[in-house]
Each structure stands twice: as C-alpha cells, then as structure tokens.
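In what follows, a single structure is set out as structure tokens and then discussed.
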Amino acid sequence: MGYILIVSIFVLAVSTHLWVRGKLQTAKRGWYKHQHKVFHAIFYALLSLFLITSLLLEVIGFLLAFSLLGAFTNLLFGFEKWKYEKQKKQYVHYLLDSFFWLLISITIYLFI
C-alpha cells in the first residue's frame, strides 16, 4: 500500500511540475547554485546532519530521514530563490518539491 502511494505521489509531482512550468512559463531547472553564503552553509549543515543520523538509524529511519532532508533542502532552496530571484519564479518548483517530499515522508512514516 505504501509503495503504491509513493509511486502515485511521484507521478502527481511530475505532472504538477509540467503543468506549473507551462502555466508560469518557467525554464527547466539546472544544477543548483547558491545565491548567498549563509544558505550554502545551512545546506551543508543539513547534509552533515543527515549523514550522521543515517548512520545511527535503521533502514526505515534512513528512508524517513532522506525524505525529510529532501523536504527541508527544497524548502531552503525555495526560500533562497524567492528572496534573490523572484522574477524567474523558480521558487514555486522548489516549494512544490518540498511539499511532495513531505507527503512522501508522511507516507513512509504511516505505511512502511
């Protein structure tokens, strides 16, 4: 049941991104480049925290931590893009990614 929900969330995420990209006329996202050093430091602190906790947790805890890392980093990237590059509207994609990673986290917690 949980795996079917996760696949459904991924399909919903891809279709939502395609719809939003067409609606807002935004370009495809490339490799992420930080706009400010503070966000760069926060990202690597989150990544380090994830690596440390993944060594201490079981497989399910690792999956949950990985999906939460995806949610928090996309939330961070979305805030950074909103603050420094509002006109490109890329922050909408990052905030949507954060929402979908949070849905995956909830699904992993409840069903797996």
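The values are calculated or read from the model by the stated rules, or taken from the named source; none is laboratory data. As the structure is a computational prediction, the values presented were derived from the model and not from experiment. Glycine gets a Cβ as well: all are built from the backbone with ideal geometry, and neighbour counts include every protein chain shown.
For (1) modelled with pLDDT under 85; (2) under 18 Å from V92 (Cα atoms); (3) among the aromatic types (F, W, Y), each residue gets a yes or a no:
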{"site": "R21", "(1), (2), (3)": "no, yes, no"}
{"site": "A27", "(1), (2), (3)": "yes, yes, no"}
{"site": "H36", "(1), (2), (3)": "no, no, no"}
{"site": "A41", "(1), (2), (3)": "no, no, no"}
{"site": "A45", "(1), (2), (3)": "no, no, no"}
{"site": "S48", "(1), (2), (3)": "no, no, no"}
{"site": "L51", "(1), (2), (3)": "no, no, no"}
{"site": "V59", "(1), (2), (3)": "yes, no, no"}
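Residue under question is E85, and the condition is that it be surrounded by fewer than 17 Cβ atoms within 10 Å (Cβ to Cβ) and free of Cβ contacts under 8 Å to residues at least 24 places away in the same chain; does it hold? Judged against the criteria, E85 is not a match.
Counting the residues of segment 50-87 that are more than 9 Å from the chain's Cα centre (by Cα), over 15 Å from F39 (Cα atoms) and not aromatic (F, W, Y) gives 16. Within the set R29, R21, the sole residue that is out of contact with any strand residue (DSSP E or B) (no Cβ under 8 Å at 6 or more places or on another chain), surrounded by 12 or more Cβ atoms within 10 Å (Cβ to Cβ) and part of a loop (DSSP other than H, G, I, E, B) turns out to be R29. Restricting to segment 32-63, name every residue that is of a type in the set (S, T, Y), part of a helix (DSSP H, G or I) and touching a helix residue (DSSP H, G or I) at 6+ places or on another chain (Cβ under 7 Å). Passing the criteria: T53, S54. Which members of segment 29-41 meet the condition of being of a type outside the set (D, E, K, R) and within 27 Å of V14 (Cα to Cα)? Correct list: G30, W31, Y32, H34, Q35, F39, H40.
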